[in-house]
Amino acid sequence: MILVVGGAGYIGSHLVEELVKTNEVVVLDNLSTGHQRAIDTRAVFVKGDLGNEADLEAVFGSYPIKAVMHFAANSLVGESVVDPLKYYENNVASTLTLLKVMMKYDVKNFIFSSTAATYGIPDVDIISEDSPTVPINPYGQSKLMVENILADFAHAYDLRYVVLRYFNAAGASASGRIGEMHDPETHLIPIILQHLLGQREQISVFGDDYETPDGTCIRDYIHVTDLANAHIAALESLLNGQNKAATYNLGNGLGYSVKEVIDMCEKVTGRKANVVMADRRAGDPARLVASADKVHEALGWKAERDLEKIIASAWAWHQSIE
Ligand code: UDP
């Protein structure tokens, strides 16, 4: 059985929907930001807290877990700057508790959701996994701390792990059942689409004086189902012994500015946005674009859905829940 911690969240629920096709799955989630109805009904659901040893013992004592996939984290750059305690507690301390219980139950396969925020302000246009990791916000710092813990556990306790550094996850499942639903929403694509559905007055662009061609921040957007499939390839590489300790970027390898994303949303929806310029948001690097060559070479995975498809799937989802 595969344990998915945080399987009720946005990325976790999309992973579970794919994973249940070929595996038995148990989801542990405290529903602090996730939604129980997002969990595929073919998975077993246990409500519990990652930082609570008793909750973890209940799961590991009840199910024959052979691998853990860990999605349960706080992931907002801006929030991490104003509330770092929350990030170090939930993202680092709780993960340590999870790893401790895993070692106790001799569960040694681990897939960890990390982030492009570990790179800080990269000095290259296309970021590869050996680019320096110098986070500029507590969110990125918290993920990098766990990456370092994993390396030490691999060395000392024979933990086998794959770290997946996500760039910007977006889009919704083709099933029409799940999509991106944060409350409050802070992410660019859902905010634009909510605005285009009349649910928001306007879109604020956080800074147009960055050193990029149009002055707005550039990100590498990746479809959440592509992300899910990368996790499944990574899991297989651990279970078949191909990987022991690996770190991969997950992105499309293409950068789009905030303005370009807004333009694409207008194109996909056929609607016109009301855009206003606003101050920069704390903790935002100007440009984050992945090289995803390493994961392609190692696991044969590459993103299949481009920005237009990402936005089209998100648009279908947002219209369906309107
Ligand atoms: N952004 C923006 N307006 C918004 C939300 C986001 O201009 O209402 C910008 C944000 O500053 C960043 C990019 O869009 O440059 C992507 O932000 P998001 O929060 O979606 O993802 P992040 O890169 O923080 O993971």
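Since every read-out is calculated from the coordinates, none of them should be taken as a lab result. None of the values given here were measured: they were computed from a predicted structure. Virtual Cβ from ideal backbone geometry, glycine too; neighbours counted across all protein chains shown.
Identify all residues within the range 280-299 that are part of a loop (DSSP other than H, G, I, E, B) and within 16 Å of the ligand (Cβ to nearest atom); write none if there are none.
Within the range 280-299, ARG280, ARG281, ALA282, GLY283, ASP284, PRO285, ALA286, VAL289 qualify.
Quick test for you: out of GLY78, GLY34, GLY48, GLY7, pick the one residue that is closer than 24 Å to ARG165 by Cα, in contact with a helix residue (DSSP H, G or I) (Cβ under 6 Å, 6 or more places away or on another chain) and not aromatic (Phe, Trp, Tyr).
GLY7
So if I check each of SER13, SER113, which one is among the hydroxyl-bearing types (Ser, Thr, Tyr), within 16 Å of the ligand (Cβ to nearest atom) and crowded, with 22+ Cβ neighbours inside 10 Å?
Of SER13, SER113, the one residue that is among the hydroxyl-bearing types (Ser, Thr, Tyr), within 16 Å of the ligand (Cβ to nearest atom) and crowded, with 22+ Cβ neighbours inside 10 Å is SER113.
Which number in (1) surrounded by 15 or more Cβ atoms within 10 Å (Cβ to Cβ); (2) of a type outside the set (Gly, Ala, Ser); (3) closer than 20 Å to GLY78 by Cα; (4) without any contact (Cβ under 8 Å) to a residue 60 or more places away in the chain marks the one condition that ILE189 misses?
(4)
Would you confirm, using the coordinates I've provided, whether ILE191 is within 13 Å of the ligand (Cβ to nearest atom), out of contact with any helix residue (DSSP H, G or I) (no Cβ under 6 Å at 6 or more places or on another chain) and not acidic (Asp, Glu)?
Against the criterion (within 13 Å of the ligand (Cβ to nearest atom), out of contact with any helix residue (DSSP H, G or I) (no Cβ under 6 Å at 6 or more places or on another chain) and not acidic (Asp, Glu)), ILE191 qualifies.
Within the range 121-146, track down each residue that is assigned to a loop (DSSP other than H, G, I, E, B) and either touching a strand residue (DSSP E or B) at 6+ places or on another chain (Cβ under 8 Å) or of a type in the set (Lys, Arg) (or both).
Selection gives PRO122, ASP125, ILE126, SER128, GLU129.
Which residues, counting only those in the range 43-101, are under 17 Å from GLY6 (Cα atoms), within 18 Å of the chain's Cα centre (by Cα) and aliphatic (A, V, I, L, M)?
Those that are under 17 Å from GLY6 (Cα atoms), within 18 Å of the chain's Cα centre (by Cα) and aliphatic (A, V, I, L, M): LEU50, VAL68, MET69, ALA72, ALA73, LEU76, VAL92.
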